[in-house]
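A.B. asks: The following block contains the structure, expressed as structure tokens.
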Amino acid sequence: MAVELFGTTGAGAAKAAAKKIAGAAAGGGGNVADFGESLAKLIDGVEKTGADANTAVNDMIGKTGEVHDAMIALQRAEQALQLTVQIRNKLVSAYQDIMRMPI
């Protein structure tokens with residue numbers, strides 16, 4: 001019985017968006033491309049912590065893992081997801097500020 005706590009439904013779209021940012025910025029300057037690559041790495045890291053949490057929980061359910069290991073993995077995944085959401089919120093806020101600037 002497989003338990004999926006952290007789905008990867010939106011992860012593919014987020015990765016595609018990060019790659020699009022990196023690709024679009026490649027002609028504009030090195031710093032923006034680095035930002036896109038950093039964003040893609042962040043998303044990959046969040047995916048990995050979610051997968052690690054799923055594995056730890058499945059091990060716990062299968063009685064091959066410890067409860068405290070599963071809880072630690074879940075907390076790491078939650079913290080990584082919260083950090084990613086806060087970064088997204090800051091990016092959206094910055095974009096909205098730029099869009100409100102008069103031309």
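A.B. asks: What do you reckon, is Arg76 at pLDDT 95 or above, surrounded by 10 or more Cβ atoms within 10 Å (Cβ to Cβ) and among the basic types (Lys, Arg)?
C.D. replies: Answer is yes for this residue.
A.B. asks: Which condition breaks for Asn54 when tested against (1) at pLDDT below 95; (2) touching a Phe, Trp or Tyr at 6+ places or on another chain (Cβ under 7 Å)?
C.D. replies: The one condition Asn54 does not meet is (1).
A.B. asks: Inspect all residues belonging to region 19-41 and state whether any of them is within 23 Å of Val85 (Cβ to Cβ), modelled with pLDDT of 90 or more and not small (Gly, Ala, Ser).
C.D. replies: Yes, that holds for at least one residue.
A.B. asks: Here's a check for you: in region 74-102, which residue that is among the aliphatic types (A, V, I, L, M) and over 15 Å from the mean Cα position of the chain (by Cα) is nearest to Val46 (Cα to Cα)? It would help to see each step written out before you state the result.
C.D. replies: Of region 74-102, the ones among the aliphatic types (A, V, I, L, M) are 74, 77, 80-81, 83, 85, 87, 91-92, 94, 98-99, 101.
Of the ones still in play, those that are also over 15 Å from the mean Cα position of the chain (by Cα) are 92, 94, 98-99, 101.
On the way: Val92: 19, Ala94: 22, Ile98: 28, Met99: 29, Met101: 33 Å.
The selected residue is Val92.
A.B. asks: Of (1) in contact (Cβ under 8 Å) with a residue 40 or more places away in the chain; (2) within 16 Å of Arg88 (Cα to Cα); (3) not β-branched (Val, Ile, Thr), Gly45 satisfies all except one. Which?
C.D. replies: Condition (1) is where Gly45 drops out.
A.B. asks: In region 84-103, which residues are surrounded by 10 or more Cβ atoms within 10 Å (Cβ to Cβ) and either outside any helix (DSSP H, G or I) or touching a residue at least 24 places away in the same chain (Cβ under 8 Å) (or both)?
C.D. replies: Matches in region 84-103: Thr84, Ile87.
A.B. asks: State which residue pairs qualify: first residue of a type in the set (Gly, Ala, Ser) and inside region 58-71, second residue in a helix (DSSP H, G or I) in any location, beta carbons under 6 Å apart, and separation of 6 or more residues or different chains.
C.D. replies: So the pair list comes out as Gly65/Ala56; Gly65/Asp59; Ala70/Ala56; Ala70/Val57; Ala70/Met60.
The values are calculated or read from the model by the stated rules, or taken from the named source; none is laboratory data. Since we're looking at a predicted model, the values are computed, not measured. Counting neighbours? That spans all protein chains shown, and the Cβs are built from the backbone with ideal geometry, glycine included.
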